[in-house]
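The values are calculated or read from the model by the stated rules, or taken from the named source; none is laboratory data. All values reported here derive from a predicted model rather than from experimental measurement. Cβ coordinates were reconstructed from backbone atoms using ideal geometry, including for glycine residues, and neighbour counts include every protein chain displayed.
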Amino acid sequence: MSTVIDVHTHMLNEHWLEQLVAHGGNYELSEFKGQRVIRADGAPFMTLMDPMFDYDKRIADMDDAGVDMAIVSLTCPSVFWGGEEVSSQLARYMNDDMAAQQKLHPDRIRYFATLPWQHPDAAVAELARACDEKGAVGVFVSANISGMSLTDPHLKPVWDAIDKRGLPVLLHPTAPPGVGEMDMQRFNLVASIGFMFDTTMAVSRMIYDGFFDTYTNLKIIACHAGGALPYLFGRLDICHMNMPGAREVISELPSTYADRIYYDSVTFQQEALELAINVGGAANILFGSDYPHNIGDMKGCLSRVDALPADQRDAARGKNAERIFNL
């Protein structure tokens with residue numbers, strides 16, 4: 001069987017958590033039913049799990065699941081809080097920490113760079129340091145930057161620098177703006193619904209705004225099998241055909257951009273994974289697990305990939321990742 005490369009998998013450290021508690025603003029750490037939970041505007045969106053802080057445990061779990069390499073990233077809310085000094089220093093700290101693990105486990109660990117996106121000059125400088133000095137193979141971004149859309153002109157210098165390098169970008173959801181107003185405090189609706197909405201909104205806006213016409217070298221990986229995008233491309237198209245506002249920038253149908261997007265395998269139904277392949281193409285599917293979140297599932301996500309036809313299976317297990325990350 002082919003090499004297995006996990007492109008959607010996270011690691012934290014205690015220093016990051018301490019800084020979030022000290023400077024996180026509307027983010028807070030609390031206890032819920034015996035677990036540590038991070039909340040945004042009172043709504044829980046991430047449960048802290050012990051393996052998030054333990055690389056030895058990660059390697060052991062990868063061995064058990066049959067995963068050869070993990071491209072690790074920080075998760076939401078990344079470092080998009082605390083002001084420029086805190087955000088920039090913490091981005092450097094996280095990149096140094098992950099680079100050290102990459103050096104310690106050269107056959108098992110690669111990493112996505114953490115950037116202080118809301119401060120573009122600092123972000124561009126840290127991108128260069130992380131890639132040129134610390135060996136980052138891609139970039140992490142959340143689907144909104146503390147409420148800012150990813151197509152906001154403020155972020156253009158960062159996208160320009162990433163595109164020049166042709167890097168993969170893991171576009172990961174976070175708590176969408178307005179979770180309090182949307183009554184997401186109960187039932188963990190941020191994780192089940194809010195995350196899918198956040199990714200879908202971000203990438204749809206990119207399509208309609210001509211992002212993929214401007215940035216032709218970078219590679220957007222839309223987490224969780226593209227959110228709801230594979231299910232909604234037909235609706236995006238009919239709105240484009242019938243609503244002038246949807247044609248404000250792009251002339252081609254939104255679905256023509258479906259194969260410009262990469263989709264990970266973090267979905268929990270075989271039919272949903274197959275829909276993402278049907279929409280985006282087998283060359284654009286990447287194995288991901290969302291480990292070690294409490295709903296992360298290395299074995300389950302890999303089993304669904306392994307149930308695909310052989311050519312799709314091998315591409316998704318690792319061949320596509322080897323190509324776009326130059327591994």
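General observations
- Which listed residue is in contact with a helix residue (DSSP H, G or I) (Cβ under 8 Å, 6 or more places away or on another chain) and either of a type in the set (Asp, Glu) or buried (at least 22 other Cβ atoms within 10 Å of the Cβ) (or both), from Leu90, Leu29, Leu48: Leu90
- The single condition among (1) part of a helix (DSSP H, G or I); (2) under 18 Å from the mean Cα position of the chain (by Cα); (3) touching a residue at least 40 places away in the same chain (Cβ under 8 Å); (4) under 22 Å from Tyr231 (Cα atoms) that Asp259 does not meet is (3).
- Within segment 180-193, considering residues that are in contact (Cβ under 8 Å) with a residue 24 or more places away in the chain and within 19 Å of Gln35 (Cβ to Cβ), the one surrounded by the fewest Cβ atoms within 10 Å (Cβ to Cβ): Gln185
- Check on Phe140, buried (at least 24 other Cβ atoms within 10 Å of the Cβ) and either of a type in the set (S, T, N, Q) or outside any helix (DSSP H, G or I) (or both): yes
- Here Thr174 meets the list (1) in contact with a Cys (Cβ under 6 Å, 6 or more places away or on another chain); (2) in a helix (DSSP H, G or I) almost entirely, failing just condition (2).
- Residue-level check: of (1) more than 26 Å from Ala272 (Cα to Cα); (2) in contact with a Leu (Cβ under 8 Å, 6 or more places away or on another chain); (3) not aromatic (Phe, Trp, Tyr), Ser204 misses just (1).
- From the list Ile71, Ile59, the lone residue that is over 19 Å from the mean Cα position of the chain (by Cα), over 18 Å from Tyr27 (Cβ atoms) and either at pLDDT below 95 or crowded, with 16+ Cβ neighbours inside 10 Å (or both) is Ile59.
- Enumeration of residues in segment 203-235 that are buried (at least 22 other Cβ atoms within 10 Å of the Cβ), not in a helix (DSSP H, G or I) and not aliphatic (A, V, I, L, M): Gly227
- First in segment 5-25 and touching a residue at least 60 places away in the same chain (Cβ under 8 Å) and crowded, with 18+ Cβ neighbours inside 10 Å, second anywhere and outside any loop (DSSP other than H, G, I, E, B) and among the polar types (S, T, N, Q), Cβ under 6 Å, 6 or more apart: His10/Ser73
- Of the residues making up segment 267-319, those that are under 16 Å from Thr9 (Cβ atoms), part of a helix (DSSP H, G or I) and among the small types (Gly, Ala, Ser) are Gly300, Ala316, Gly318.
- Residue in segment 83-105 that is on the phi > 0 side of the Ramachandran plot and in contact with a His (Cβ under 8 Å, 6 or more places away or on another chain) present: yes
- Meets criteria (of a type in the set (S, T, N, Q) and within 22 Å of Asp56 (Cβ to Cβ)) for Gln101: yes
- Within segment 278-303, if we keep just the residues that are surrounded by fewer than 22 Cβ atoms within 10 Å (Cβ to Cβ) and free of Cβ contacts under 8 Å to residues at least 60 places away in the same chain, the residue that is nearest to the chain's Cα centre (by Cα) turns out to be Asp297.
- Failed condition for Ala123, given (1) outside any loop (DSSP other than H, G, I, E, B); (2) out of contact with any Pro (no Cβ under 9 Å at 6 or more places or on another chain); (3) crowded, with 20+ Cβ neighbours inside 10 Å; (4) aliphatic (A, V, I, L, M): (2)
- Ile238 passes every criterion in (1) β-branched (Val, Ile, Thr); (2) farther than 21 Å from Gln312 by Cβ; (3) not in a helix (DSSP H, G or I) apart from (3).
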